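The values are calculated or read from the model by the stated rules, or taken from the named source; none is laboratory data. Fair warning: this is a prediction, and the values are worked out from it, not measured in the lab. Positions of Cβ are backbone-derived with ideal geometry, glycine not excepted, and every protein chain shown enters the neighbour counts. All accessible areas refer to the heavy atoms of the entire protein, side chains included, with ligands and DNA or RNA removed. Shrake-Rupley method; radii C 1.70, N 1.55, O 1.52, S 1.80 Å.
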Amino acid sequence: MIDLQSGFVNHHSRHVVPAVQDLVTRWADAGRPVIFTRYFNHPGSPYERFFQWSRLQGPPETDIVQELADQAAGAYATIDKTGYTLFTPEATELIRKAGWTDLLFCGVATESCVLKSAADAFEHGYAPKIVTDACASDAGPEVHEAGLLVARRLIGPGQLITSADVMRELSAPCSAVVLE
(Lines give C-alpha, C1' and ligand atoms only; values in the text may rest on other atoms or scores of the structure.)
Protein backbone atom coordinates (compact mmCIF):
# COMPACT_ATOMS: atom_id res chain seq x y z
CA MET A 1 0.00 0.00 0.00
CA ILE A 2 1.83 3.05 -1.30
CA ASP A 3 1.65 6.45 0.42
CA LEU A 4 -2.02 6.72 1.29
CA GLN A 5 -1.21 9.66 3.52
CA SER A 6 -3.25 12.69 4.51
CA GLY A 7 -1.07 15.00 2.41
CA PHE A 8 -1.73 13.01 -0.78
CA VAL A 9 -5.45 12.44 -0.33
CA ASN A 10 -7.60 15.15 -1.90
CA HIS A 11 -10.69 15.49 -4.10
CA HIS A 12 -8.86 13.61 -6.91
CA SER A 13 -7.67 10.67 -4.83
CA ARG A 14 -10.10 10.28 -1.91
CA HIS A 15 -12.32 7.87 -3.88
CA VAL A 16 -9.72 5.06 -3.63
CA VAL A 17 -9.54 5.08 0.17
CA PRO A 18 -12.57 2.75 0.61
CA ALA A 19 -11.34 0.49 -2.22
CA VAL A 20 -7.88 0.21 -0.63
CA GLN A 21 -9.40 -0.28 2.82
CA ASP A 22 -11.51 -3.20 1.52
CA LEU A 23 -8.59 -4.67 -0.42
CA VAL A 24 -6.20 -4.48 2.55
CA THR A 25 -8.81 -5.95 4.90
CA ARG A 26 -9.57 -8.90 2.63
CA TRP A 27 -5.89 -9.47 1.85
CA ALA A 28 -4.88 -9.47 5.52
CA ASP A 29 -7.89 -11.60 6.50
CA ALA A 30 -6.64 -14.19 3.99
CA GLY A 31 -3.35 -14.28 5.91
CA ARG A 32 -1.37 -12.40 3.28
CA PRO A 33 1.28 -9.86 4.33
CA VAL A 34 0.67 -6.14 3.79
CA ILE A 35 3.35 -3.46 3.66
CA PHE A 36 2.51 0.23 3.99
CA THR A 37 4.84 2.97 2.81
CA ARG A 38 5.03 6.54 4.03
CA TYR A 39 6.78 9.28 2.11
CA PHE A 40 8.67 11.98 4.03
CA ASN A 41 9.98 15.12 2.35
CA HIS A 42 12.79 17.10 3.96
CA PRO A 43 14.29 20.58 3.73
CA GLY A 44 16.67 20.79 0.77
CA SER A 45 15.24 17.68 -0.91
CA PRO A 46 15.20 17.42 -4.70
CA TYR A 47 11.42 17.95 -4.51
CA GLU A 48 11.99 21.25 -2.73
CA ARG A 49 14.92 22.30 -4.95
CA PHE A 50 13.52 21.35 -8.36
CA PHE A 51 9.74 21.58 -7.81
CA GLN A 52 9.64 24.17 -4.99
CA TRP A 53 7.49 21.57 -3.21
CA SER A 54 7.93 21.52 0.56
CA ARG A 55 4.86 19.60 1.68
CA LEU A 56 4.81 16.26 3.56
CA GLN A 57 7.61 17.19 5.94
CA GLY A 58 5.66 16.15 9.04
CA PRO A 59 2.31 15.31 10.60
CA PRO A 60 -0.55 15.51 9.88
CA GLU A 61 0.36 15.39 6.16
CA THR A 62 2.68 12.40 6.62
CA ASP A 63 0.12 10.38 8.61
CA ILE A 64 -1.56 7.38 6.99
CA VAL A 65 -5.21 8.36 6.37
CA GLN A 66 -7.40 7.74 9.39
CA GLU A 67 -9.47 5.08 7.60
CA LEU A 68 -6.34 2.89 7.23
CA ALA A 69 -4.51 3.79 10.46
CA ASP A 70 -5.51 0.61 12.32
CA GLN A 71 -4.58 -1.57 9.35
CA ALA A 72 -1.23 0.18 9.05
CA ALA A 73 -0.58 -0.40 12.75
CA GLY A 74 -1.14 -4.14 12.25
CA ALA A 75 0.72 -4.42 8.94
CA TYR A 76 3.62 -6.77 8.30
CA ALA A 77 5.80 -3.65 7.98
CA THR A 78 5.67 0.08 7.40
CA ILE A 79 8.48 1.44 5.25
CA ASP A 80 9.40 5.11 5.54
CA LYS A 81 10.98 6.58 2.43
CA THR A 82 12.27 9.90 1.10
CA GLY A 83 11.91 9.10 -2.59
CA TYR A 84 9.37 7.68 -5.00
CA THR A 85 10.16 3.98 -4.64
CA LEU A 86 9.36 1.31 -2.08
CA PHE A 87 12.85 -0.11 -2.71
CA THR A 88 14.74 1.46 0.15
CA PRO A 89 17.59 -0.68 1.54
CA GLU A 90 15.27 -1.75 4.40
CA ALA A 91 12.44 -2.80 2.07
CA THR A 92 14.78 -4.51 -0.38
CA GLU A 93 16.21 -6.64 2.42
CA LEU A 94 12.79 -7.35 3.93
CA ILE A 95 11.42 -8.59 0.56
CA ARG A 96 14.53 -10.66 -0.13
CA LYS A 97 14.50 -12.32 3.31
CA ALA A 98 10.77 -13.07 3.05
CA GLY A 99 11.37 -14.76 -0.30
CA TRP A 100 8.49 -12.97 -2.01
CA THR A 101 8.39 -13.13 -5.79
CA ASP A 102 5.09 -11.43 -6.66
CA LEU A 103 4.25 -7.93 -5.41
CA LEU A 104 0.90 -6.13 -5.72
CA PHE A 105 0.80 -2.34 -5.60
CA CYS A 106 -2.01 0.08 -4.79
CA GLY A 107 -2.20 3.60 -3.37
CA VAL A 108 -1.23 7.13 -4.37
CA ALA A 109 0.15 8.45 -6.72
CA THR A 110 -0.23 6.15 -9.71
CA GLU A 111 2.13 8.14 -11.96
CA SER A 112 4.96 8.50 -9.47
CA CYS A 113 5.36 6.39 -6.33
CA VAL A 114 3.16 3.46 -7.43
CA LEU A 115 4.68 3.40 -10.94
CA LYS A 116 8.27 3.79 -9.72
CA SER A 117 7.85 1.05 -7.11
CA ALA A 118 6.32 -1.36 -9.65
CA ALA A 119 9.00 -0.58 -12.26
CA ASP A 120 11.76 -1.08 -9.69
CA ALA A 121 10.16 -4.39 -8.64
CA PHE A 122 10.26 -5.45 -12.30
CA GLU A 123 13.93 -4.47 -12.60
CA HIS A 124 14.74 -6.37 -9.36
CA GLY A 125 13.30 -9.53 -10.94
CA TYR A 126 9.96 -9.59 -9.13
CA ALA A 127 6.53 -9.97 -10.75
CA PRO A 128 4.80 -6.63 -10.02
CA LYS A 129 1.10 -6.01 -10.49
CA ILE A 130 -0.74 -2.73 -10.11
CA VAL A 131 -4.32 -2.87 -8.82
CA THR A 132 -5.71 -0.15 -11.08
CA ASP A 133 -8.98 0.54 -9.26
CA ALA A 134 -7.14 0.83 -5.93
CA CYS A 135 -4.79 3.57 -7.20
CA ALA A 136 -5.28 7.25 -7.90
CA SER A 137 -3.34 10.41 -8.56
CA ASP A 138 -3.66 13.45 -6.35
CA ALA A 139 -3.17 15.41 -9.60
CA GLY A 140 -6.36 14.05 -11.19
CA PRO A 141 -7.76 11.22 -13.30
CA GLU A 142 -5.86 12.18 -16.44
CA VAL A 143 -2.55 11.87 -14.60
CA HIS A 144 -3.68 8.53 -13.10
CA GLU A 145 -4.45 7.25 -16.62
CA ALA A 146 -1.08 8.53 -17.88
CA GLY A 147 0.61 6.57 -15.09
CA LEU A 148 -1.24 3.40 -16.12
CA LEU A 149 -0.28 3.96 -19.76
CA VAL A 150 3.39 4.15 -18.83
CA ALA A 151 3.03 1.16 -16.47
CA ARG A 152 1.74 -0.98 -19.35
CA ARG A 153 4.94 -0.11 -21.24
CA LEU A 154 7.29 -0.64 -18.29
CA ILE A 155 5.94 -3.76 -16.56
CA GLY A 156 3.59 -5.27 -19.19
CA PRO A 157 -0.10 -4.84 -19.91
CA GLY A 158 -0.99 -8.11 -18.18
CA GLN A 159 0.46 -6.76 -14.93
CA LEU A 160 -2.36 -4.24 -14.51
CA ILE A 161 -5.25 -5.88 -12.68
CA THR A 162 -8.41 -4.96 -10.76
CA SER A 163 -9.57 -5.61 -7.23
CA ALA A 164 -11.88 -8.30 -8.62
CA ASP A 165 -8.82 -10.10 -10.02
CA VAL A 166 -7.17 -9.93 -6.59
CA MET A 167 -10.29 -11.34 -4.91
CA ARG A 168 -10.21 -14.31 -7.29
CA GLU A 169 -6.54 -14.86 -6.43
CA LEU A 170 -7.33 -14.82 -2.72
CA SER A 171 -9.31 -18.03 -3.13
CA ALA A 172 -6.11 -19.73 -4.38
CA PRO A 173 -3.46 -21.07 -1.96
CA CYS A 174 -0.91 -18.46 -0.77
CA SER A 175 2.27 -18.41 -2.84
CA ALA A 176 4.06 -15.60 -0.99
CA VAL A 177 2.38 -12.69 -2.77
CA VAL A 178 2.45 -9.35 -0.93
CA LEU A 179 0.19 -6.32 -1.26
CA GLU A 180 1.95 -2.97 -1.08
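Filter the range 92-109 down to the residues that are assigned to a loop (DSSP other than H, G, I, E, B), farther than 20 Å from Asp133 by Cα and either of a type in the set (Lys, Arg) or open to solvent by less than 40 Å² (accessible area, probe 1.4 Å) (or both) and list them by number. Once the filter is applied, which keeps residues that are assigned to a loop (DSSP other than H, G, I, E, B), farther than 20 Å from Asp133 by Cα and either of a type in the set (Lys, Arg) or open to solvent by less than 40 Å² (accessible area, probe 1.4 Å) (or both), the range 92-109 yields only Trp100.
Just one of the numbered conditions (1) of a type outside the set (Ser, Thr, Tyr); (2) more than 19 Å from Cys135 (Cα to Cα); (3) in a helix (DSSP H, G or I) is not true of Pro60: (3). Considering only residues in the range 110-124 that are among the hydrophobic types (A, V, I, L, M, F, W, C) and within 15 Å of Leu160 (Cα to Cα), the one that is surrounded by the fewest Cβ atoms within 10 Å (Cβ to Cβ) turns out to be Phe122.
Candidates in the range 166-180 are the residues that are open to solvent by less than 60 Å² (accessible area, probe 1.4 Å) and not in a helix (DSSP H, G or I); of these, the one that is modelled with the lowest pLDDT is Ala176. Count of the range 23-35 residues, restricted to those that are open to solvent by 50 Å² or more (accessible area, probe 1.4 Å) and basic (Lys, Arg), is 1. For Arg38, the criteria (1) open to solvent by less than 50 Å² (accessible area, probe 1.4 Å); (2) among the charged types (D, E, K, R); (3) under 14 Å from the mean Cα position of the chain (by Cα) hold in every case but one, which is (1).
Name the single residue that is surrounded by the most Cβ atoms within 10 Å (Cβ to Cβ) among those in the range 125-165 being under 23 Å from Ser6 (Cα atoms) and among the polar types (S, T, N, Q). Looking at the filtered set, the residue picked out is Ser137.
Of all the numbered requirements in (1) among the basic types (Lys, Arg); (2) in a helix (DSSP H, G or I); (3) modelled with pLDDT of 95 or more, Arg55 misses one, and that requirement is (2). Only one of the numbered conditions (1) small (Gly, Ala, Ser); (2) in contact with a helix residue (DSSP H, G or I) (Cβ under 7 Å, 6 or more places away or on another chain); (3) within 19 Å of Leu56 (Cβ to Cβ) is not met by Gly140, and that is (2). Could we say that Pro18 is assigned to a loop (DSSP other than H, G, I, E, B), in contact (Cβ under 8 Å) with a residue 40 or more places away in the chain and open to solvent by 40 Å² or more (accessible area, probe 1.4 Å) here? When the stated conditions are applied, Pro18 does not pass them.
Residue-level check: of (1) in contact with a helix residue (DSSP H, G or I) (Cβ under 8 Å, 6 or more places away or on another chain); (2) open to solvent by 20 Å² or more (accessible area, probe 1.4 Å), Pro89 misses just (1). The residues of the range 42-81 that are open to solvent by 20 Å² or more (accessible area, probe 1.4 Å), touching a residue at least 24 places away in the same chain (Cβ under 8 Å) and among the hydrophobic types (A, V, I, L, M, F, W, C), listed by number, are Ile64, Ala75.
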